[in-house]
Amino acid sequence: QVQLVESGGGLVQAGGSLRLSCAASGRTFSTYTMGWFRQAPGKEREFVAVINSGGGNTYYADSVKGRFAISRDNAKNTVYLQMNSLKPEDTAVYYCAARSSYRSGWPGGLYDYSYWGQGTQVTVSS
């Protein structure tokens with residue numbers, strides 16, 4: 001099993017920045033596709049960003065493209081989500097997720113992910 005531990009959430013003003021971190025357990029982190037999802041109150045969980053196992057390929061939701069950046073450091077077993085130019089509509093619980101790169105195609109979707117973090121609250125004030 002893979003354990004995912006998130007950090008970096010909090011309260012920020014509109015236009016500000018936050019960086020979320022997700023630390024993963026296991027020696028096979030470098031084989032995982034890693035994704036970020038978010039869920040606002042009353043809404044379904046939605047895709048935010050994904051990065052492939054080697055870190056060379058990324059894919060973003062249109063709503064965050066140009067503002068967010070996903071990255072990973074396989075030596076640290078950690079994936080990041082840099083969030084810039086934050087908007088109030090970015091307010092949500094953000095979840096880190098992992099899946100095997102061998103189990104599904106690119107970029108994949110919500111149901112392709114086998115492991116999920118606990119979620120971290122991001123609140124953007126106007």
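Odds and ends about this structure:
- Listed residues Val79, Val93, Val50, most fluctuating in the chain (Gaussian network, C-alpha, under 10 Å): Val93
- Scalar couplings 3J(HN,Hα) for the range 26-32, obtained by applying the Karplus form with A = 6.51, B = -1.76, C = 1.60 to θ = phi - 60°, are x, 8, 9, 3, 5, 9, 8 Hz; x denotes Gly and Pro.
- Computed over the chain with a Gaussian network model linking Cα atoms closer than 10 Å, the most mobile of Arg99, Arg27, Arg67 is Arg27.
- Derived scalar couplings between HN and Hα for the range 114-119 equal 9, 10, 9, x, 7, x Hz in order, rounded to whole Hz, by the Karplus curve 6.51 cos²θ - 1.76 cosθ + 1.60 (θ = phi - 60°), x for Gly and Pro.
- Computed over the chain with a Gaussian network model linking Cα atoms closer than 10 Å, the most mobile of Leu86, Leu11, Leu20 is Leu11.
- Per residue solvent-accessible surface (Å²) - the chain, probe of 1.4 Å: 52 Å²
The values are calculated or read from the model by the stated rules, or taken from the named source; none is laboratory data. Please read all numbers here as calculations on a predicted model, not as lab measurements. To get the accessible areas, we keep the full protein, side chains included, count just its heavy atoms, and leave off ligands, DNA and RNA. Shrake-Rupley method; radii C 1.70, N 1.55, O 1.52, S 1.80 Å.
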